[in-house]
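To start, the structure under review is shown below, and the notes come after it.
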Amino acid sequence: MTGAQPGRGSGQQPSGPPDDAAYDLIALGRLGVDLYPLRTGVPLAEVDTFGKFLGGSPANVAVAAARLGRRTALVSRTGDDPFGDYLRAELERFGVDARWVAPVPDLPTPLTFCEIFPPDDFPLHFYRRPQAPDLRITADSLDLDAIGAARVLWTTGTGLSAEPSRAATLAALAHRRRTAHTVLDLDWRPMLWDEAERPRARAHYADALALATVAVGNLAECEQATGHRAPDAAADALLAAGVTLAVVKQGPDGVLAAHRDGTRVTVPPVPVEVVNGLGAGDAFGGALCHGLLDGRPLEWTVRYANAAGALVAGRLACSSAMPRADEIDALLGGAR
């Protein structure tokens, strides 16, 4: 496994507020073990060596923000097994508070395998049956005081895919009372929804968007949530659904960010030789939260998040590849 980098990227807990202070970010949802081939361009059937990494989009977002010096925590579940022990230890090593990551006795910790065919083909194979432990989070298990006090809450569309996770996600969003910054990462992964639930997905997204202040998604995710794929139309639909800020990721065409106050910016991507694009969106999310927490202008925030995503796209792993602030600054300086 790739080792942690020194400085802010080390496994040590970053300095920050005392334990009873509000978190900068609390993320809610998916957590598992990523098993990535250590050779690229090889079909999974032919791979003989893998690297083991902490995975799951909300977990990676929390790690990304922690790498930037933010005080973060994750609310999730694992199996009561050695992989679950590994994930809780990794979260703490990365500086993410794991106090709300509990084992579920009757379910295994999820595993995710990927195939790596740069620059744009990264098939995922999820092992989350009979049900992923992170979908067992219940509304009555949430620390709503901490969730309400956090400066950012990060939730995902996968959290809406099944009960009791759906009710827990909506309860966390509702408790915030549209406090900035309350984020819904659209995170549309149809293979993680039961077939019977997929036709109702848009209605569940609508319920969550009405409670969120920030929505983040790529074109396919925006289309699933709103019925619109064209970037400006998708952003307009997300704003109409209730959010204050809509962030529409367009791959090689960059990112569109639209604010309810009328501000609208499109930022081009940062060129990079792609190794593994799977963690780029999570790095983008952690850096987006960092910019929002700093009160930076919207264009600055999106450029910063783009650079964080580009750095991770040029690396093999997700969680352990999340960049430090000096790396992002260096890349932006070179791009300018």
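Overview of values
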read-out	value
Amide H contacts under 5 Å for G32, placed H, 5+ residues apart	G55, G56
Share, in percent, of DSSP beta bridges within segment 51-122 that are antiparallel, nearest 5	10 percent
Label point distance in nm, K52-A210, each placed 7 Å from Cα along Cα→Cβ	4.5 nm
Separation of the F83 and R198 label points, Cα + 7 Å toward Cβ, nm	2.3 nm
Per residue accessible area of the chain, 1.4 Å probe, in Å²	39 Å²
Shape parameters for segment 258-335, alpha-carbon atoms, Rg then Dmax in Å	12.3, 39
Global form of segment 248-294, assessed from the alpha-carbon gyration tensor, a/c cut-off 1.5	oblate
Fluctuation leader among E299, E221, E46 - the chain, Gaussian network, Cα springs under 10 angstrom	E46
Counting DSSP beta bridges with both ends in segment 146-278, the antiparallel % (nearest 5)	45 percent
Contour minus Cα-Cα distance for R178 and A220 (0.36 nm per residue)	12.6 nm
Relative contact order computed over the chain (Cα-Cα under 8 Å; 6+ residues apart), in percent	17 percent
Over the chain: helical MRE at 222 nm, DSSP H runs n ≥ 4 each giving -39500 (n - 2.57), nearest 500	-10000 deg cm²/dmol
At q = 0.19, 0.23, 0.24 Å⁻¹, base-10 log of I(q)/I(0) for segment 188-237 (Debye sum, equal scatterers on each alpha carbon)	-0.62, -0.88, -0.94
Phi to ³J(HN,Hα) by Karplus 6.51 cos²θ - 1.76 cosθ + 1.60 over segment 201-207, Hz, x for Gly, Pro	4, 4, 5, 5, 4, 4, 4
Fraction of antiparallel bridges per DSSP, the chain only, in percent to nearest 5	40 percent
Listed candidates [x] -0.77; [y] -0.91; [z] -1.04 - label of the one calculated as log10 I(q)/I(0) by the Debye sum over Cα atoms at q = 0.12 Å⁻¹	[x]
Highest-first arrangement of 270-276, 233-239, where packing means the average Cβ count within 10 Å	233-239, 270-276
Share of carbon and sulfur in the accessible heavy-atom surface of the chain [1.4 Å probe, %]	52 percent
Potential extension, D326-L124 segment - 0.36 nm per residue separation minus Cα distance	69.6 nm
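The values are calculated or read from the model by the stated rules, or taken from the named source; none is laboratory data. Because the structure is predicted, anything quoted here is derived from the model rather than measured. Cβ sites come from the backbone with ideal geometry, for glycine too, and all protein chains shown count toward neighbours. Only protein heavy atoms, including side chains, enter the accessible area calculation; ligands, DNA and RNA are left aside. Shrake-Rupley method; radii C 1.70, N 1.55, O 1.52, S 1.80 Å.
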